[in-house]
Amino acid sequence: MEGERRASQARSSGLPAGGADGESPGGSAPFPGSSGSSALLQAEVLDLDEDEDDLEVFSKDASLMDMNSFSPMMPTSPLSMINQIKFEDEPDLKDLFITVDEPESHVTTIETFITYRIITKTSRGEFDSSEFEVRRRYQDFLWLKGKLEEAHPTLIIPPLPEKFIVKGMVERFNDDFIETRRKALHKFLNRIADHPTLTFNEDFKIFLTAQAWELSSHKKQGPGLLSRMGQTVRAVASSMRGVKNRPEEFMEMNNFIELFSQKINLIDKISQRIYKEEREYFDEMKEYGPIHILWSASEEDLVDTLKDVAGCIDRCCKATEKRMSGLSEALLPVVHEYVLYSEMLMGVMKRRDQIQAELDSKVEALTYKKTDTDLLPEEIGKLEDKVECANNALKADWERWKQNMQNDIKLAFTDMAEENIHYYEQCLATWESFLTSQTNLHLEETSEDKP
Amino acid sequence: MEQAPRDPERQLQPAPLEPLGCPDAGLGAAIGKEAAGAGEEDSGVDTMTHNNFWLKKIEISVSEAEKRTGRNAMNMQETYTAYLIETRSVEHTDGQSVLTDSLWRRYSEFELLRNYLLVYYPHIVVPPLPEKRAEFVWHKLSADNMDPDFVERRRIGLENFLLRIASHPILCRDKIFYLFLTQEGNWKETVNETGFQLKADSRLKALNATFRVKNPDKRFTDLKHYSDELQSVISHLLRVRARVADRLYGVYKVHGNYGRVFSEWSAIEKEMGDGLQSAGHHMDVYASSIDDILEDEEHYADQLKEYLFYAEALRAVCRKHELMQYDLEMAAQDLASKKQQCEELATGTVRTFSLKGMTTKLFGQETPEQREARIKVLEEQINEGEQQLKSKNLEGREFVKNAWADIERFKEQKNRDLKEALISYAVMQISMCKKGIQVWTNAKECFSKM
């Protein structure tokens, strides 16, 4: 069940990019490393809507996105990227392709962990090469996320899959868990790649390209764990103050986030429950068809009818299985990602509030002349800029996020509806052909009776 | 007034076969309700041949069910359901039907009727009653006998029972059956007066026979095996069907939750709001559609259940055969032993053990006169025994002939009915699929407009 076990050096968690032997572990599905694959995967996951109208909407929105002054304009959203893949006359707009595949298990004396292979293909000048292959573990992803949040506190950073899933998980590394996580990690990196600002983040580049030891040493350079913890404590305290003076539009945003979070969590639960019910239905159906075969053994005159009924039931059973897998491929991951997004959004709001709180506390200090006030006006000026940038960044990213959310949700549910339609159509065809064969038989029999 | 789904075939028809055993009861000239006096003084089996009765076709329906309270045998308050049975005669010429009789019966009276028929027509596969208590229930369905859906399905089952009897060439002519349909008061007393309970074979005797019979008819042995298999496979099928229904219910109903959440979510969404709201409505429709779907499936389950219970009726005929065969074998054995005894007495050799022989040895030889007397008694008994054996043999052969005829009739009926049931199941599935396609197509449209 687990991937190939290799003893590796105690420190390093990754394999050198060039020398990866990459024997795929038994259980998982390896991804081909071709350049089209990341696009294809994106296509599969988001399940394209071929309506041409959607194209125009996206490109309009792209131009509307008013980016901050410190980030160059890159009119890409995940969906416009997909549309570009479909219409080959514009291949240049996407220049960074990332795939995450080949989970492998590593055993050391201290721990066991999984690494994922990350293949990057790019035509960007700032990259030293056009192709990179590295191995990263979950911790590395966590690090990257932390760095992005640090660098862009009020941008909506894509969510990472959870560290652990408590319920029902006996072993950390069972196949389904690994596969779900792999897909989510793939999504995570691609969302960053599609983000107009984040895609140019230096840590992101290092994450995609650095050798294992390079990454380790780079990680050590940042502010240490303790200082980060200290920041967190301060952050919590000051964000409370930030809430009081929150501008109206951010109040609205916050309300939306709270309600959205509630609803998406419910939808996540409902969707998981539907999957579970469908699975249990499938399990019972598997037994149902064979009983008719058993019965046919004792009924000479009904053998054919009973066998045909058994066949129909079995076909419907297979159709149910397909419906289930459609649900777990398309709907469940999308809904779950937005559950994580909603948590992320609340974090973003807090950070925004915190930045504002910094400003507010300095303003307060000036007003009440609590401390030495000489340097304050200059500090306040800087902080005012900081607040304005933060707010603008969030506003713009918020619009972009909302648009993506609507599209993703719409696609996911449309796909679910499509799966159900297909399921019922298959079952209908099965039973209708049974009925026709019975009526034909009957006609044959009655015509035989006639002399 | 509802007709049973399979009505047209089930109207009373003139009987093609002769009634079993007893001499013809005499053609009564009575018409319609005046059947009471028609010649029923015969060897104990109440049959009725009724000239004018057969000129008109009869329609029977169990049209209503009513909850009632009353006092039972122990003078305690009880609640039960009563069923209205209506009989109509149809004029041959213009097809109009006229209500001729209508009365109320409860389940226990149906049971009484059936038990009577079992005793007096042991060679017939007697139609079964619908179940007394709900079994093979999937958990959302009530197992309560007072549940309106259960009562409704039972009403249909009871009507089916009566129609089956009415369309049976032999059973339909039974007087007690006729009175069941026409004589409300006093019917129970009338049935009990036939003394049928006394005539019933004891279960113990029947069980005994099963194990001890030496030469059973192979056809009946095979039939018994068949009925066991039928019972076992249909039970299994019904159990799994109930579990599948349960799961299906779960799948549909959970989708209903989407409706509520979508509706709440739509309140905060400007662009997606309408799409979400209307999609949610379709999810509600989807979730509630399962109730009717599964109710229809219950009717299918009832059709299968009837044949589950028919298996028991088949076994009853087999048991009767075994009993008769056992009786026959015992009689033959008894006769053989008496003959031997007689022979020994005549020739003086003692080979068989007899009490008389022993006492003779112990207490002294008997006189030639005594011996002659004994031989004479034995010879009479032997004569009687031979007569009895002859008539038992005849009875046995008659039984086998008639039973087998009815079994053939039953087999054809079963094949027809089961095939029809399976086809109706397919029809139900098709309808469910069509509904599903419609709802999801609507939902998809709403989603794509979001």
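Tell me the per residue accessible area of the stretch A:241-450 using a 1.4 Å probe; a whole number in Å² is fine.
Details: 9780 Å² over 210 residues.
Per-residue value: 47 Å².
Per residue of peptide B:269-282, the mean number of Cβ atoms on other chains within 10 Å of the residue Cβ is 2.
Legend: mean number of C-beta atoms from other chains within 10 angstrom of residue C-beta atoms, peptide A:408-420, equals 6. Sorting the Cα pairs of the stretch A:326-439 by distance into bins of 10 Å, from 0 upward, gives 12, 23, 18, 15, 12, 9, 5, 4, 2, 1 percent per bin.
Leaving out ligands and nucleic acids, and using a 1.4 Å probe, what accessible area per residue does the stretch A:91-217 come to in Å²?
Value returned for the stretch A:91-217: 40 Å² of accessible area per residue.
Roll a 1.4 Å probe over the protein heavy atoms and report the accessible area of B:I375 in Å², nearest 10. About 20 Å², ignoring ligands and nucleic acids. Spatial offset of the stretch A:302-368 relative to the stretch B:387-441 amounts to 52 Å, using the alpha carbon center of each.
Counting only protein chain heavy atoms and rolling a 1.4 Å probe, the accessible areas of B:D246, B:D149, B:D417 rank, largest first, as B:D149, B:D246, B:D417. Among the residues of the stretch A:261-281, those with an accessible-area drop of 40 Å² or more from chain alone to full protein complex, heavy atoms and 1.4 Å probe, are A:K263, A:I267, A:I270, A:I274, A:E277, A:Y281. Accessible-area loss of 40 Å² or more (1.4 Å probe, protein heavy atoms, chain alone versus all protein chains) is found in the stretch B:422-438 for B:L422, B:I423, B:Y425, B:A426, B:I430, B:C433, B:I437.
Pairs of Cα atoms in the stretch B:162-223 fall into 10 Å distance bins, from 0 up to the last occupied one, in shares of 17, 28, 30, 22, 3 percent. Would you mind working out the magnitude of the charge dipole of the stretch A:93-222 relative to its Cα centre, with +1 at each Lys and Arg C-beta and -1 at each Asp and Glu C-beta, to the nearest 20 Debye? About 260 debye.
Only sites in a loop by DSSP and with at most 16 other Cβ atoms within 10 Å count here; which GluC sites (Glu not before Pro) in the stretch B:365-417 make the cut? List each step's numbers first, then the result.
Details: sites: B:E366, B:E369, B:E372, B:E379, B:E380, B:E384, B:E386, B:E395, B:E398, B:E408, B:E412; in loops: B:E366.
Of the GluC sites (Glu not before Pro), the ones in loops of the stretch B:365-417 whose Cβ has at most 16 other Cβ atoms within 10 Å are B:E366.
Provide, for q = 0.19, 0.21 Å⁻¹, the log10 of I(q)/I(0) from a solvent-free Debye sum over equal Cα point scatterers in the stretch B:129-210. With no solvent term, the Cα-only Debye profile gives -1.02, -1.04.
Among the trypsin sites (Lys or Arg not before Pro) in the stretch A:299-383, those located in a DSSP loop and surrounded by at most 14 other Cβ atoms within 10 Å of their own Cβ are A:K369, A:K370. Going from the chain on its own to the full set of protein chains, the stretch A:283-304 has these residues losing 40 Å² or more of accessible surface (heavy atoms, 1.4 Å probe, no ligands, DNA or RNA): A:E284, A:E287, A:Y288, A:I291, A:W295, A:S298, A:E299, A:L302. Taking a ≥ b ≥ c as the square roots of the eigenvalues of the Cα gyration tensor of the stretch A:93-222, is the shape rounded (a/c under 1.5), prolate (a/b larger than b/c) or oblate? It comes out prolate by the Cα gyration axes.
The accessible surface of the stretch B:200-346, taken with every protein chain in place and a 1.4 Å probe, is 51 percent carbon and sulfur.
Taking a probe of 1.4 Å, how large is the accessible area per residue of the stretch B:130-278, in Å²?
Details: 6800 Å² over 149 residues.
The answer is 46 Å² per residue.
When the convex hull of its Cα atoms is viewed from all sides, the stretch B:377-450 shows a mean projected area of 7.7 nm².
Nonpolar atom fraction for the stretch A:241-450, defined as the carbon and sulfur part of the 1.4 Å probe accessible area, stands at 51 percent. When only the Cβ of Lys, Arg, Asp and Glu is charged (+1, +1, -1, -1), the dipole of the stretch B:103-198 relative to its Cα centre reaches about 160 debye.
Using protein heavy atoms only (no ligands, DNA or RNA), what is the total accessible area buried between A and B, 1.4 Å probe, nearest 100 Å²? Before the final figure, lay out each step's value.
Numbers: alone 24910 and 25150 Å², together 44730 Å².
Adding both sides of the contact gives about 5300 Å².
For the stretch A:241-450, the alpha carbon convex hull comes to 115 Å³ per residue, rounded to a whole number. For the set B:K67/B:K132; A:K183/B:K253; A:K183/A:K269; A:K183/A:K322; A:K307/B:K414, the pairs lying more than 23 angstrom apart at their alpha carbons are A:K183/B:K253. Nonpolar atom fraction for the stretch A:93-222, defined as the carbon and sulfur part of the 1.4 Å probe accessible area, stands at 53 percent.
Which shape class applies to the stretch B:220-307: rounded if a/c is under 1.5, otherwise prolate when a/b exceeds b/c and oblate if not, where a ≥ b ≥ c are the square roots of the Cα gyration tensor eigenvalues? It is prolate, given that a/c is not under 1.5 and a/b is the larger ratio.
The values are calculated or read from the model by the stated rules, or taken from the named source; none is laboratory data. Since we're looking at a predicted model, the values are computed, not measured. All Cβ positions, glycine included, derive from the backbone under ideal geometry; neighbour counts span all protein chains shown. We work out accessible area using only protein heavy atoms, side chains counted, and drop any ligands, DNA or RNA first. Shrake-Rupley method; radii C 1.70, N 1.55, O 1.52, S 1.80 Å.
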